[in-house]
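The values are calculated or read from the model by the stated rules, or taken from the named source; none is laboratory data. Computed from a prediction, not measured in an experiment: that's the story for all the values here. We place every Cβ from the backbone using ideal geometry, glycine too, and count neighbours over all the protein chains shown.
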Amino acid sequence: MTRPTGPTIRPWLVALALAPAWLGGGCNCKDQTLAPIVFDDDGQTGPIDPSRVLAPPWQAPSVMQLDNGALVHWLVEPGDPAFHLRVLMPTSVHADKLGAAGTSAALHALELRLSARLRRIEDAQYDLHSRAGRVEFAVHGRDRDALALISAVADTLADAGDPKLLALAQGKVLAKHREADASALAAAGLISVLLDHRLSHEYASKPDLVELNRARLERSWTLLSDPRHCVVVVHSSRTAEELGEGVELLGSRWKAGVLGLGSGKPTATQRLHVDSPKKPAETWIFGETPAPLHVLSGTPDRRNRAVIMFGRLLPTESVEARTLARISQRLLQEELDVRLIVAGPISVLAVRVYVPAGEPWAEVDAAIERMQAMATTAQPLPRVRQAADLWLGARMVDASVSGEDWTALWSESIDLAQEDREIFAALAREAQTMLELDPEQVKAFQAKWLDPRGGEPGWVWVASGLTADVQAKLALRVELLEL
Amino acid sequence: MLRALLTLAIASLLRPVPPSNPPPTEDALVRESGGAPVEASSDMLDVVLPCGVRVITARDASLPVAAVVLAVEVGTRDDPDKLPGLIHALAYHLQQGTRELGPGEAIATAHDVGGLAAMAVGAGQVRFESLIPASQLDAQLRVEAQRLRAPNVNRALWLKSLSYARSDDRERPLIPRELIVAAWRDAGLGHDGRAVDKALGDLLDQSVEAQLAKLFDYRAATLVVVGPEDPQKLLDRVTPYFADLPARPRKTIAPALPGGSNSIPADGPMPAPLAKQKADSLVWAVPGEPRARAWAQVLCGTINRQLAGPDEPAKARLRCTYSDDPRRPLLVVRALGFDAAEGPEPLIARRLDRIAHAEGEPELAALIENQRARIFADLEFDLRAPLELASYLAGATERRDASQPDALPTRSRAELLGLPIREEVPGLPATHPVPLDIDSAEALAEAGELARLAAVALVEAVPRLLDTRAAVLPIDPELPVPAKLHGGAPDRPAEANAAEAVQP
């Protein structure tokens, strides 16, 4: 059974539902209703021309909550011969309990079980993605096999938490484990410092994997696959009503574990967006309150270079802020190795530089100088426009080449929206705003947020793969802190 | 006076030639649809512009992207004997710019807006493919409308083209080249066309220029555009880019048939001496057009699932493999457990004969209908994205009346893609993708009729593939040729051969 969106929430039903939910380990909330979502549409955003603003020509999805608490966003494209289903599982909800090692083992167990089931379905495929604060897996196949695909996912979410399977998956992950290179380790370290998480939440080391016992494996699976925190996105030629049997299966077979209570947060953005850290950094790279350089072990890269990664959180609560952050990253990317992960109200910006043994500060200084120079000079409009065209065009072309899967774009839209009602138009709004940006706006944004020595504080940095000699040289200029 | 005469002469040269291939008018579209606007989603436009280039436009509105494919009907089989690899190298050279495009601009036009640009060089077709955001379609159309005009030619660019060509991976065909040559009766298929030897490096600029002009001509090219707009609007965007080319008739494109003809040798199947071949297979050249390609796959699926006949050896089995190519596909049927003294042909011929007369064998007809529905659904699924659709459409058969002024520009999706369809029956379209659920005597009768129609359509679509005389028998030169060649081939009425001979 599914619950349609409705006008009211009846709190007394929540209280009544708690006892059986706790006992049964699931969410019995058939009589509850979700607050309706009125997606922003053309009336609020102005006419959207998909060819101009480069957004899919989708219609607002139907939204429902399953009996097990999972939220479903169902997109319909009449006549599409393909079917896509994506399950978005947040990892940030239980960041203190859920480590990267447990998540890796749980996801591998899911892959083992799901792949075996999908092999029996023609043209069925599985893929796994990691985004800020969540992991998501998707199955793709033919629309005529939609029921079989939904059933495979429901069965897998129901039984991949089997202890034997989890132990097998742990062994396989361990066997394939290779110590991460300096860049991967520095990236994990930077995110853990910025979001105030443990390093083990971002990076699965070999000892972490070895130490996973049965209880921790099961807990990882239970926390990760808890439907009360998950969001399911479907792209099909048929409506949820037409595939009611499949929706029913997903709601009944996939159950929550015994941990936790309630039916989860009521909206997708609340479930999936990363929370801001309680104590954001107030430091700069050098400057008036210099950030200590966090040092991680790790092996230098193939050219024997260590890595320093510096970055910050950007407040991206409005479409303008998200767009400015993205276009600034694209412009910087032309000269430096700069990445941006947008996760709703906050985004993570990271800059990677290599550390030559002879002059360890040379590249860091050069990168900072370049960023400061860009922050003080307005870029020519054609350059800004070309960066926008490239970013927006590549997103749609990539989506087309990847099988025209709207669920991936919807997942990205969730990151670009502040609230659920914005998801529907988020891509179009981003495109429209990006194409109308003024170079002066970009310059002002960069001066405020992307100047590691001036501008707003919030910069931190992490180094990995340093030799003792290089560490000694670095320590002459900044405070080093073991992470 | 002389000046006036010269002016007149130049004016007459510059005067537009009356178009032999007039562009389609909106009236024609309305006529085609019986007065109503053309249904964009299921119909496509297929026209020849006055300059001789063929344009196919189709709609795919799933995402705001557009696929543009320029396919030229020339391939590695056209390499001169002394210049193997020429077509491949020239195709690379067409990325080096023209009078209007800078070197590499064709690729950069797609890449700079987040798009993809690729090139495919096959035995009978060269394609320049791109997938771009729909908002950038005009820029890509300009590139394709300029690509073949006055290409830049100089020594440095030619050497660069050869260096790109040299770094390409060599092709490894699943079927030995000698066999492909024998099946297609075409010596030009004996090499992969990827060689870059000294002779190519020694070509003078004038020779490169002459070869480009001779081999890469818009009159032998098809431009396919698939985008979110309706086909007429897409065509309206294409037409101006070719308007300044002089009006010239389209080149006649020879149909891709073995030896250039559809005739079936009376003394086939022809043995093809080839080392290490066990003489257990027959190989057919499948006509290089979408309809034959689709039905060949239906036939292949049917052969692989067909039950043994009553008079066959107990362990007799057939294994069919289809090797796809837009212009030079092949069908290989391997026999197992056959009588060694007879060779594989009688067994294969008996099975094919049953398929050719499946109207009288309801279970076999049902199997054909099942395979037809399967291939139909496979093609619809595989061609759901614009780039795949555009590449496939580049292989679509040309209309014989394309250059006629009254030629109607619309063609149905099923026709242009060559989807395996049978005759319609009331209540069930010919494109019905799944076999019927049989839950009553009436449904059973209806299913029987559908199956019969599917069997008829198969025979009509690929008659050559049901006749073992049209195949070749690969056999090691050390082995004796089986004495009883084509002994079990079905009797064919003379008019059947005559009918095939006129098919494109």
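With the structure loaded, tell me whether residue A:75 is of a type in the set (A, V, I, L, M), within 14 Å of chain B (Cβ to nearest Cβ) and either part of a helix (DSSP H, G or I) or in contact with a helix residue (DSSP H, G or I) (Cβ under 9 Å, 6 or more places away or on another chain) (or both) or whether it fails that test.
It is true that residue A:75 is of a type in the set (A, V, I, L, M), within 14 Å of chain B (Cβ to nearest Cβ) and either part of a helix (DSSP H, G or I) or in contact with a helix residue (DSSP H, G or I) (Cβ under 9 Å, 6 or more places away or on another chain) (or both).
Condition first: modelled with pLDDT of 95 or more and either under 24 Å from residue A:271 (Cβ atoms) or charged (D, E, K, R) (or both). Now tell me which residues in the stretch A:167-189 satisfy that.
Once the filter is applied, which keeps residues that are modelled with pLDDT of 95 or more and either under 24 Å from residue A:271 (Cβ atoms) or charged (D, E, K, R) (or both), the stretch A:167-189 yields only A:172.
Name the one entry in B:153, B:208, B:196 that is buried (at least 19 other Cβ atoms within 10 Å of the Cβ) and either farther than 30 Å from residue B:250 by Cα or hydroxyl-bearing (Ser, Thr, Tyr) (or both).
B:196
Look through the stretch B:367-397, keep the residues that are within 16 Å of the chain's Cα centre (by Cα) and not in a helix (DSSP H, G or I), and return whichever of them is nearest to the other protein chains (Cβ to nearest Cβ).
B:383
Just need a number here: residues in the stretch B:224-249 that are surrounded by fewer than 17 Cβ atoms within 10 Å (Cβ to Cβ), of a type in the set (D, E, K, R) and not in a helix (DSSP H, G or I).
Count: 1.
Take residue A:471 and tell me if it is over 19 Å from residue A:54 (Cα atoms), touching a Lys or Arg at 6+ places or on another chain (Cβ under 9 Å) and surrounded by fewer than 23 Cβ atoms within 10 Å (Cβ to Cβ).
no
Any idea which of (1) closer than 30 Å to residue A:348 by Cβ; (2) in contact with a Ser or Thr (Cβ under 8 Å, 6 or more places away or on another chain); (3) hydrophobic (A, V, I, L, M, F, W, C) is the one residue A:247 doesn't satisfy?
(1)
Consider residue A:422 carefully, then state whether it is at pLDDT below 95 and either buried (at least 23 other Cβ atoms within 10 Å of the Cβ) or within 14 Å of chain B (Cβ to nearest Cβ) (or both).
no
Just checking, which of A:399, A:373, A:394 is of a type in the set (Gly, Ala, Ser), facing chain B (nearest Cβ under 9 Å), free of Cβ contacts under 8 Å to residues at least 60 places away in the same chain and on the phi < 0 side of the Ramachandran plot?
A:394
How do the helices (runs of 4 or more DSSP H) wholly within the stretch A:170-223 filter down when requiring 1 or more residues that are free of Cβ contacts under 8 Å to residues at least 60 places away in the same chain and not small (Gly, Ala, Ser): which remain?
In the stretch A:170-223, the matching helices (runs of 4 or more DSSP H) lie at A:206-210.
Can you pull out every residue in the stretch B:143-183 that is modelled with pLDDT under 90 and in contact with a strand residue (DSSP E or B) (Cβ under 7 Å, 6 or more places away or on another chain)?
B:174, B:175
Picking from B:256, B:296, B:247, which residue would you name as being within 30 Å of residue B:337 (Cβ to Cβ) and small (Gly, Ala, Ser)?
Residue meeting the stated conditions: B:296.
Check whether at least one residue in the stretch A:95-105 is at pLDDT 95 or above, within 25 Å of residue A:402 (Cα to Cα) and within 14 Å of another protein chain (Cβ to nearest Cβ), and report yes or no.
For the stretch A:95-105, residues at pLDDT 95 or above, within 25 Å of residue A:402 (Cα to Cα) and within 14 Å of another protein chain (Cβ to nearest Cβ): absent.
In the stretch A:153-165, what count of residues is obtained for those that are outside any loop (DSSP other than H, G, I, E, B) and either under 24 Å from the mean Cα position of the chain (by Cα) or outside the structural domain of residue A:108 (by TED's automatic domain parsing) (or both)?
Initially, the stretch A:153-165 is screened for residues outside any loop (DSSP other than H, G, I, E, B), giving A:153-159, A:163-165.
With the extra rule that they be either under 24 Å from the mean Cα position of the chain (by Cα) or outside the structural domain of residue A:108 (by TED's automatic domain parsing) (or both), the set shrinks to A:153-154, A:156-158.
Residues meeting the conditions: 5.
Taking the condition of being in a helix (DSSP H, G or I) and not aliphatic (A, V, I, L, M), how many residues in the stretch A:388-406 meet it?
7
Given the conditions (1) within 30 Å of the chain's Cα centre (by Cα); (2) modelled with pLDDT under 95, and given that residue B:208 satisfies all but one, which numbered condition is not satisfied?
All conditions are met except number (2).
Answer yes or no: is there a residue in the stretch A:109-121 that is touching a Gly at 6+ places or on another chain (Cβ under 9 Å), buried (at least 22 other Cβ atoms within 10 Å of the Cβ) and of a type in the set (Gly, Ala, Ser).
Scanning the stretch A:109-121, I find at least one residue that is touching a Gly at 6+ places or on another chain (Cβ under 9 Å), buried (at least 22 other Cβ atoms within 10 Å of the Cβ) and of a type in the set (Gly, Ala, Ser), so the answer is yes.
Just to be sure, is residue B:40 touching a strand residue (DSSP E or B) at 6+ places or on another chain (Cβ under 6 Å), within 14 Å of chain A (Cβ to nearest Cβ), modelled with pLDDT under 65 and more than 23 Å from residue B:217 (Cβ to Cβ)?
Answer is yes for this residue.
Listed residues B:123, B:145; which is closer than 27 Å to residue B:393 by Cβ, assigned by TED's automatic domain parsing to the domain that holds residue B:55 and part of a loop (DSSP other than H, G, I, E, B)?
B:123
Do we find that residue B:80 is assigned by TED's automatic domain parsing to the domain that holds residue B:215, at pLDDT 50 or above and exposed (fewer than 14 other Cβ atoms within 10 Å of the Cβ) in this structure? Steps first, answer last, please.
Details: assigned by TED's automatic domain parsing to the domain that holds residue B:215: yes; at pLDDT 50 or above: yes; exposed (fewer than 14 other Cβ atoms within 10 Å of the Cβ): yes.
Against the criterion (assigned by TED's automatic domain parsing to the domain that holds residue B:215, at pLDDT 50 or above and exposed (fewer than 14 other Cβ atoms within 10 Å of the Cβ)), residue B:80 qualifies.
Is it true that some residue in the stretch B:304-313 is in contact (Cβ under 8 Å) with a residue 60 or more places away in the chain and out of contact with any Gly (no Cβ under 8 Å at 6 or more places or on another chain)?
Within the stretch B:304-313 (the criterion being in contact (Cβ under 8 Å) with a residue 60 or more places away in the chain and out of contact with any Gly (no Cβ under 8 Å at 6 or more places or on another chain)), the answer is yes, since at least one residue qualifies.
Tell me the residue from A:252, A:225 that is outside the structural domain of residue A:457 (by TED's automatic domain parsing) and crowded, with 24+ Cβ neighbours inside 10 Å, please.
A:225
Got a sec? Which of A:381, A:437, A:409 is on the phi < 0 side of the Ramachandran plot and either within 14 Å of chain B (Cβ to nearest Cβ) or buried (at least 23 other Cβ atoms within 10 Å of the Cβ) (or both)?
Answer to the check: A:409.
Across the stretch B:121-130, what is the number of residues that are within 14 Å of chain A (Cβ to nearest Cβ) and under 14 Å from residue B:146 (Cα atoms)?
0
For the stretch A:78-147, which strands (runs of 3 or more DSSP E) that fit wholly inside it have 2 or more residues that are among the hydroxyl-bearing types (Ser, Thr, Tyr)?
By residue number, A:125-131.
Kindly provide the set of residues from the stretch B:83-120 that are within 14 Å of chain A (Cβ to nearest Cβ), among the small types (Gly, Ala, Ser), more than 25 Å from residue B:395 (Cα to Cα) and touching a residue at least 12 places away in the same chain (Cβ under 8 Å), ordered by number.
Listed by number, the list holds a single entry, B:114.
So residue A:238 fits all but one of (1) part of a loop (DSSP other than H, G, I, E, B); (2) within 30 Å of residue A:281 (Cα to Cα); what number is the exception?
Condition not satisfied by residue A:238: (2).
Residue under question is residue A:459, and the condition is that it be among the aromatic types (Phe, Trp, Tyr), within 30 Å of residue A:233 (Cβ to Cβ) and buried (at least 21 other Cβ atoms within 10 Å of the Cβ); does it hold?
So residue A:459 does not fit the description; no.
Going by the structure shown, is residue A:417 in contact with a helix residue (DSSP H, G or I) (Cβ under 7 Å, 6 or more places away or on another chain), assigned to a loop (DSSP other than H, G, I, E, B) and at negative phi?
Criteria met by residue A:417.
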